[in-house]
Amino acid sequence: MTNQQIIIVEDEPEIAELIELHVKREGYSTQIIGNGNDALVKIKETPPDLILLDLMLPGMSGLEVCRALRWEEATRELPVIMVTARGEEADIVAGLEIGADDYVTKPFSPRVLIARIRNILRRRSKPGHDHSVDTSQILFGGRLSIDTDRHEVRIDGKSCDLTVTEFRILQYLCDRPGFVRTRHQIIQSVHGVTAVLSPRTIDVHITSLRRKMGDLGKCIDTIRGVGYRLDEWSPDEEE
């Protein structure tokens, strides 16, 4: 059992109670808050381990709450998963670029929600965790290794010949597996904040990267209208 606390910011009681039911089953403690203003006050007073944040809230919107949290040093690193209605692609992109870590859509799969929560909290609980890319990373049960010093990627022990851009994209996605990255965020990470490139350029590089990664390429998920995510967990968890 875990003693980690999750604050659920949701103004629709039925949805809030459904989320709470599934989250509590996993051993997390919860608190439901029905509007953005009260949530921001509570989070600042007693920061939780993770926040499930609806976008459409009375008073202060979820985007405004997320922006306020990222503005202050004490709450800047708190994990935020947005909970939003389907079709709000512009809001999803805006939330991710403000600093939300991930999102789930309504109606949501409880298994997907729990997988997202576990993934974020698991990575934050690792000793020495930060948001920088490790000098060397090993993922997918040792099948994939990335050595940033040598600029080398190996899959199943064999060298994988990537372009500089493909390497940087994979490195960026592997920095935080399970976290959604918008195309704009990927462009900035690879080419810098002043780069002016078509987001579709990233799609071309991802297609090539998947092909070179073989069966591991399917672990780079396309998030339609938003960007990409590297999934470390088994696809069976999302059935």
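Quick one: Ala74 ticks every box in (1) surrounded by fewer than 17 Cβ atoms within 10 Å (Cβ to Cβ); (2) within 22 Å of Gly27 (Cα to Cα); (3) of a type outside the set (Asp, Glu) bar one, so which box is it?
(2)
Being at pLDDT below 75, in a loop (DSSP other than H, G, I, E, B) and under 17 Å from the mean Cα position of the chain (by Cα) is the filter here; which residues of region 99-155 pass it?
Answer for region 99-155, where residues must be at pLDDT below 75, in a loop (DSSP other than H, G, I, E, B) and under 17 Å from the mean Cα position of the chain (by Cα): Lys126, His129, Asp130, His131, Ser132, Val133.
Just wondering, is there one or more residues in region 39-56 that are acidic (Asp, Glu), in a strand (DSSP E or B) and closer than 20 Å to Lys106 by Cα?
The answer is yes; a qualifying residue exists.
One residue is enough: does region 72-86 have a residue meeting the conditions among the small types (Gly, Ala, Ser), assigned to a strand (DSSP E or B) and not assigned by TED's automatic domain parsing to the domain that holds Gly225?
yes
The values are calculated or read from the model by the stated rules, or taken from the named source; none is laboratory data. Being a predicted model, the structure only gives us computed values, none of them experimental. Don't worry about glycine lacking a Cβ; one is built from the backbone with ideal geometry, like all the others, and counts go over all protein chains shown.
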